[in-house]
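See structure below.
Only the coordinates and a few stated rules stand behind these numbers; no lab work does. All of these numbers come straight from a predicted model, not from anything done at the bench. For neighbour counting, all protein chains shown are included, and Cβ atoms are generated from backbone atoms with ideal geometry for every residue, glycine included.
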Amino acid sequence: MTGFSEFSRRSLDDREGFWSEQARLIDWKTPPVQVLDYSNPPFARWFVGGTTNLCHNAVDRHLKDRADQAALIFVSTETNEETTYTFRQLHAEVQRMAAALKDLGVQKGDRVLIYMPMIAEAAFAMLACTRIGALHSVVFGGFASVSLASRIDDATPKVIVSADAGSRSGKVVEYKPLLDAAIDLANHKPTAVLLVDRKLAAMKIVAGRDQLWGDLRQKHLNSTVECEWVDATHPSYTLYTSGTTGKPKGVQRDTGGYAVALAASMKHIFCAPLQGASGPAGETYFCTSDIGWVVGHSYIIYGPLIAGMATIMYEGLPTRPDAGVWWSLVEKYKVTVMFSAPTAVRVLKKQDPAFLKKYDLSSLRALFLAGEPLDEPTARWISESLGVPIIDNYWQTESGWPILTIANGVEKAPSKFGSPGVPMYGYDVKLIDENTGDELEGPDQKGVVAIEGPMPPGFMQTVWRDDARFVSTYWKSIPGKLVYNTFDWGVRDKDGYFFILGRTDDVINVAGHRLGTREIEESISSHPNVAEVAVVGVADALKGQVAMAFVVPKNAAVVADAAGALKLEGEIMKQVDGQLGAVARPARVRFVTVLPKTRSGKLLRRAIQAVCEGRDAGDLTTIEDPTALQQIRDVVAR
């Protein structure tokens, strides 16, 4: 068996040979004629000339050997539903959805925006889009109308697929009014809206635009829609991620490279028996993420299905009806691989430990965690509780699959608590001095985590409709180097394991939700009594980070007493809720008369963050008003 270091080295020294071998893990209609075209750095084009289809690789190719094996297991502890779809049944449902989309005018290359709760129909819609060569753009169901409208305008979808409502902790969250408001706000208007009626909330149907999935599903009950074979470089989807400006970035993913990357990761990282193995795979993968995030795209929908595994799609909380619900699913469906987030584990850590002993978890081989840094106490607790390897991993919406982790499918290696692991095959990861651009080669030196091109298959192709932004944002921010900037600080130990230390920019990570502080600041600034605002991410024991807002009010008299301050804080939080959604709501809004800035007017966000976290604020010789930071200290101490 090849050792990992040799395996990884070959992926960089012989990229074409290495990835040509990995490409055999998926089905091709036409084999690629060129494995990699890197003639226009930093744009990498993988498997040029090859034609394939994501939906075929996730669904159709399994019909021959495992048509009656479980494929999609939908579980909602919100509505007490539990339905298992075999590959044959999933194939039929996806064709019905594909026929419905085509009925509504969707063609190859069109965009379909999906704004849905975690229900089976959302999976049908994603797979149906890739089946017919349309691009899906999934927007997290918790996003408010203003955020949704900006994504509608950027993606310009022909059709939007949504539902009457979702549910969280037993409370109905109505989607249709949020969607209607977003369409009103957006300049682009979809030709049709396809709605799943869960009977959770009444819906106002817009005549001529809104269609009910139940009606179209019945119409296309026996429809057959063949897969559209597309070029490997054909975009499969766009997915929006927060940036340091208010305008979200549409991460554009290809088709062939993504399929190969996921198939390879299922084998080498997640140790899944792939579709080509003798006999049915018959294993179950449980990823507790949401399809609104990249983890949900890669490891709820596409990755497990490409590998021929059953995948659990879960709507609900990890603590409802009790803190044993996830473990009950591991026992019931014999889950072999589980993927969650450190925040969820920290929530479970506060519950009765008896729930971990109540169920038979012997099928579970490993628990993977990602989304935000995994602290050592949490890692140690869950490791000792489950008695299986806890494998952290680090990646981004942009990468599509892990950048740093442990590839036990190549060679068994220990995890180190606090470290996501080592660079994965295909990633030429470096630590760079942010000021000089020099590479830091020795151990225990803090630098910016950067990646030398070309990027491996599965990585983003570009920013949707904005190649210039792709280059300027990611590839031009380190002086004198054309390298991809992750915007994360890191150190590497003597064994080559990386430790992530936090962001270099103004993006924060709240319970795995990536938020741009600028977006939150813009929302708060639109309140009539806000003169200035600074939002920073502050370390939090449960969520990893929370947003903290510091506001200079236009009328200071309004916050002169506690009641007035509380009222304005409530108004601001409600405004952020309405514009960006509850996930972006600051943990606190604190009022000051001046914000700490340099003499040139630059906000000292890192100094504010340091004060909030009880750290040394560093060199403050450039601060314009020395009393500003003392005000921050005073309001934080209250």
5 angstrom amide H check on D210, placed H, neighbours 5+ away:
V193
In segment 507-637, what is the count of Lys pairs whose alpha carbons are under 22 Å apart, counting only pairs at least 8 residues apart or on separate chains?
5
With a Förster radius of 30 Å, plug the Cβ-Cβ distance of T627 and L542 into 1/(1 + (r/R0)^6) and report the FRET value to the nearest 0.05.
0.35
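Structure shown: which of K64/K267; K199/K249; K29/K108 lie over 27 Å apart, alpha-carbon to alpha-carbon? List each step's numbers first, then the result.
Working: K64/K267 21 Å; K199/K249 34 Å; K29/K108 17 Å.
Table pairs above 27 Å Cα-Cα are K199/K249.
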With θ set to phi - 60°, apply the Karplus curve 6.51 cos²θ - 1.76 cosθ + 1.60 along segment 464-477 and write out the HN-Hα couplings as whole Hz, x wherever there is a Gly or Pro.
3, 6, 8, 4, 4, 5, 4, 5, 5, 6, 9, 10, 10, 8
Determine, for segment 314-426, the count of lysine pairs separated by eight or more sequence positions (or lying on different chains) whose alpha-carbon distance falls under 26 Å.
15
What is the spread of the Cα atoms of segment 58-99 along each of their three principal axes, largest first, in whole Å?
34, 24, 13
Just check segment 339-391 against the gyration tensor rule for me: Cα atoms, a ≥ b ≥ c as the square roots of the eigenvalues, rounded for a/c under 1.5, and otherwise prolate or oblate depending on whether a/b exceeds b/c.
oblate
The equivalent-ellipsoid semi-axes of segment 247-397, taken as the square roots of five times the Cα gyration tensor eigenvalues and listed largest first in whole Å, are 25, 19, 14
Debye equation applied to the C-alpha atoms of segment 195-240, log10 I(q)/I(0) at 0.14 Å⁻¹
-0.65
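Expressed as cubic angstrom per residue, what is the convex hull volume of the alpha carbon set of segment 1-97? Numbers along the way, then the final one.
Values: hull volume 20.2 nm³, N = 97.
So the per-residue hull volume is 208 Å³.
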So what are the ³J(HN,Hα) numbers for segment 94-102, from phi and the Karplus equation (6.51, -1.76, 1.60; θ = phi - 60°), rounded to whole Hz, Gly and Pro as x?
5, 5, 4, 5, 4, 5, 5, 5, 5
Which far-off residues, 5 or more places away or on another chain, put their amide H under 5 Å from the one on V173, with H placed in the peptide plane?
G166, S167, R168
Amide proton proximity set for G421, modelled H, under 5 Å, gap of 5+
F498
Express the C-alpha Rg of segment 436-541 as a ratio against the empirical globular expectation 2.2 N^0.38 Å, rounded to two decimals.
1.30
FRET efficiency estimate (nearest 0.05) - Cβ-Cβ, S362 to D444, R0 45 angstrom:
0.70
Hz values of 3J(HN,Hα) by residue in segment 405-422 - Karplus curve (6.51, -1.76, 1.60), Gly and Pro given as x:
5, 10, 9, 5, x, 9, 7, 4, 8, x, 7, 10, 4, x, 10, x, x, 10
What value in Å³ per residue do you get for the convex hull of the alpha-carbon atoms in segment 507-637?
106 Å³
Cα shape, segment 97-185, gyration tensor, a/c 1.5 rule:
oblate
Take K350 and T83, extend 7 Å from each Cα along the Cα→Cβ direction, and tell me the distance between the two endpoints in nm.
3.4 nm
Where q = 0.21, 0.25 Å⁻¹, what log10 of I(q)/I(0) comes from the Debye formula for segment 345-432, counting one point per Cα?
-1.07, -1.34
With T = 4 °C, eta = 1.567 mPa s and Kirkwood Rh from C-alpha pairs, the Stokes-Einstein D of segment 77-121 in µm²/s is about 103 µm²/s
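Report the calculated FRET efficiency for N40 and E411 (r = Cβ-Cβ distance, R0 = 45 Å), to the nearest 0.05.
Values: r = 35 Å, r/R0 = 0.78.
Result of the calculation: an efficiency of 0.80.
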K102: which lysines have alpha carbons under 16 Å from its alpha carbon, excluding same-chain residues fewer than 8 sequence positions away?
K158, K219
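When the Kirkwood radius is taken over all Cα pairs of the chain, what Stokes-Einstein diffusion coefficient follows at 25 °C and 0.890 mPa s, in µm²/s?
Working: Rh = 25.4 Å.
The estimated diffusion coefficient comes to 97 µm²/s.
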Using the eigenvalues of the Cα gyration tensor, what equivalent ellipsoid semi-axes result for segment 397-477 when each is taken as the square root of five times the eigenvalue, whole Å, largest first?
25, 19, 9
What is the chain's relative contact order, in percent, from Cα pairs under 8 angstrom and six or more apart in sequence?
12 percent
Orientation-averaged projected area, Cα convex hull of segment 44-155 (nm²)
9.2 nm²
Above 18 Å lies some portion of the pair distances; for segment 423-470, what is it as a whole percent of all C-alpha pairs?
46 percent
Find the relative contact order for segment 507-637 and round it to a whole percent, using C-alpha pairs within less than 8 Å whose residues are 6+ positions apart.
22 percent
Helix-only mean residue ellipticity at 222 nm for the chain, each DSSP H run of n ≥ 4 adding -39500 (n - 2.57), per residue, nearest 500:
-8500 deg cm²/dmol
